[in-house]
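> Please read through the structure below; I'll follow up with questions.
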Amino acid sequence: MPAQFTLEQLRGFVAVAEEGHFGRAADRLRITQPPLSRQVQKLERALDVELLVRTPRAVLLTAAGRAFLTEARRILKLSDAAPAAARNAARGEVGSLTISFTAMAALAVLGPWLRTITGQLPRVELSLVEMVTGDQLDALLAGGVDIGLVRGVPSSDVLGARRVHTESLLLACPRGHPLAELGRPPSLADIERHGVITYHPVVSRYLHELVISVFRQARVEPSYVQRVAQVHSLLALVNAGLGVGLVPRTAARLRLPNLAFTEVDGVSPDVVETHCVWRTDHANPALDAVLRLTASGADRSLDGLGAQP
């Protein structure tokens with residue numbers, strides 16, 4: 001059966017060992033000497049070893065006492081740190097968090113988030129995973145992800161959402177393309193006369209529906225020549241000269257040798273939205289801490305990212 005002793009007994013023993021005297025140890029602990037002596041005696045009986053040798057002038061440690069002193073100090077240090085650790089965990093200052101994100105969210109939102117989180121919550125361990133929006137929502141519902149950066153607002157009673165970023169659409173086209181040489185931002189009607197690369201209706205549902213709605217609102221019916229799952233795949237096809245495409249403004253950060261970007265006349269500056277999404281029934285204090293930290297940066301458009309003609 002493991003030895004049974006109390007933290008009070010350990011503190012009494014450590015004080016006597018360090019002071020080498022019961023009287024001075026009692027003064028240090030602000031108790032009288034008899035209860036301190038009883039604490040040490042109970043500890044020795046619990047351990048079934050002699051820890052101290054009492055002499056007329058001093059109290060000396062036995063070999064067992066010297067060995068136990070190291071462990072007693074360690075136990076007391078852990079016991080002193082435990083309440084602070086519990087409070088920090090309850091406040092979300094320690095723990096772990098899994099963040100999922102789309103490729104474009106990584107360019108627009110994730111960097112500032114990571115700087116904020118690592119700067120303010122350095123003891124929160126982060127795991128990062130790139131996923132398309134649909135996979136993120138599945139992972140959030142399954143509990144495999146704590147918070148996701150997604151396109152669109154999910155229709156789920158168990159998921160909370162907050163808009164964290166808005167931006168416009170740009171036209172990506174090959175360098176030297178007629179739409180890049182107009183001397184003005186092309187209209188959606190101008191784009192209609194050229195082959196348009198767009199997004200997969202299932203894998204990239206948000207951007208697929210957004211592009212269709214933008215053209216339909218302008219009463220424009222372009223010819224869609226290819227459909228892809230990712231923005232960077234669309235840019236690769238545009239770079240290869242297979243057509244033009246509408247992309248989030250963030251995509252202008254991706255440079256390819258035959259790629260140009262231009263503004264589009266008549267497109268709202270905040271038509272593309274990114275939301276952070278999380279389970280409302282979660283029990284992760286670190287997630288609450290991150291949501292509080294990042295709330296100040298919510299609903300900010302991307303500044304300083306100009307299109308190149």
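The values are calculated or read from the model by the stated rules, or taken from the named source; none is laboratory data. On a predicted model such as this, the values are computed, not experimentally measured, just so you know. Every residue, glycine among them, receives a Cβ derived from its backbone with ideal geometry; neighbour counts consider all protein chains shown. Calculation scope for accessible area: heavy atoms of the full protein, side chains included, ligands and nucleic acids excluded. Shrake-Rupley method; radii C 1.70, N 1.55, O 1.52, S 1.80 Å.
> Write down the accessible area per residue of segment 148-199 in Å², having rolled a 1.4 Å probe over the full set of protein chains.
Values: 1990 Å² over 52 residues.
In whole numbers, segment 148-199 has 38 Å² accessible per residue.
> Amide H neighbours of Met131 under 5 Å, at least 5 residues apart or on other chains, H built in the peptide plane: list them.
Close amide H contacts, sequence-distant or interchain: Phe101, Thr102.
> Which ³J(HN,Hα) values, rounded to whole Hz and listed in residue order, are derived for segment 50-58 from phi using the Karplus coefficients 6.51, -1.76 and 1.60 in 6.51 cos²θ - 1.76 cosθ + 1.60 with θ = phi - 60°, glycine and proline given as x?
Values, residue by residue: 8, 9, 10, 10, 8, 10, x, 9, 7 Hz.
> Expressed in whole Å with the largest first, what are the equivalent ellipsoid semi-axes of segment 89-219 derived from the C-alpha gyration tensor as the square root of 5 times each eigenvalue? Intermediate values should be presented prior to the final figure.
Numbers: eigenvalues 264, 64, 27 Å².
One finds semi-axes of 36, 18, 12 Å for segment 89-219.
> Quick check of the Kirkwood formula: for segment 126-201, what is the inverse mean of 1/r over all pairs of different Cα atoms, in Å? Each step should come with its number before you reach the end.
Working: mean 1/r = 0.0625 Å⁻¹.
Hydrodynamic radius (Kirkwood, Cα only) of segment 126-201 equals 16.0 Å.
> Simple spin-label model, 7 Å along Cα-to-Cβ: Arg216 to Ser155 in nm?
The modelled label-to-label distance comes out at 1.4 nm.
> Got a sec? Charge dipole of the chain, +1 on Cβ for Lys and Arg, -1 for Asp and Glu; which of Gly160, Ala236, Ser204 is way out at the positive end?
It is Gly160, whose Cα lies furthest towards the positive end.
> Give the Rg/Rh ratio for the chain, taking Rg as the radius of gyration of the Cα atoms and Rh as the Kirkwood radius, to two decimals. Please report the intermediate quantities before stating the final value.
On the way: Rg = 32.3 Å, Rh = 24.2 Å.
Checking Rg against Rh, the ratio lands at 1.34.
> Can you bin segment 1-40 into rounded, prolate or oblate? Criterion: square roots of the alpha carbon gyration tensor eigenvalues sorted a ≥ b ≥ c, rounded for a/c under 1.5, prolate for a/b above b/c, oblate for the rest. Intermediate values should be presented prior to the final figure.
Values: a/c = 2.49, a/b = 1.92, b/c = 1.30.
Prolate shape, in that a/c is at least 1.5 and a/b is the bigger ratio.
> Please give the FRET efficiency for Val49 paired with Arg253, using the beta carbon to beta carbon distance and R0 = 45 Å, rounded to the nearest 0.05. Please report the intermediate quantities before stating the final value.
On the way: r = 68 Å, r/R0 = 1.51.
In this case the efficiency is close to 0.10.
> Can you list residues from other chains, or at least 5 along the same chain, whose modelled amide H is less than 5 Å from the amide H of Val225?
Counting only residues 5 or more places away or on other chains, the set is Val196, Ile197, Thr198.
> Still on this model: In whole percent, and with a 1.4 Å probe on the protein chains, what portion of the accessible area of segment 162-309 is carbon and sulfur? Before the final figure, lay out the partial values.
Values: 3370 of 6860 Å².
Carbon and sulfur together cover 49 percent of it.
> Calculate the dipole size of the chain relative to its Cα centre from +1 charges on Lys and Arg beta carbons and -1 charges on Asp and Glu beta carbons; express the result in debye to the nearest 20. Show your work: numbers first, answer last.
Values: 33 positive and 30 negative charges, 246 e Å.
With Lys and Arg at +1 and Asp and Glu at -1, about 1180 debye.
> Among DSSP bridges having both ends in segment 153-309, what percentage is antiparallel? Round to the nearest 5.
Numbers: 16 of 25 bridges.
Given both bridge residues lie in segment 153-309, the antiparallel proportion sits at roughly 65 percent.
> Explain nothing, just the number: relative contact order of the chain, from Cα pairs under 8 Å at least 6 residues apart, as a whole percent. Let's see the in-between values first.
On the way: 516 pairs, mean separation 64.7, N = 309.
Worked out over the chain, it gives 21 percent.
> I need to check one value: relative contact order of segment 86-231, counting alpha carbon pairs closer than 8 Å and at least 6 residues apart, in percent. Don't skip to the end; give the middle numbers.
Values: 164 pairs, mean separation 29.9, N = 146.
20 percent.
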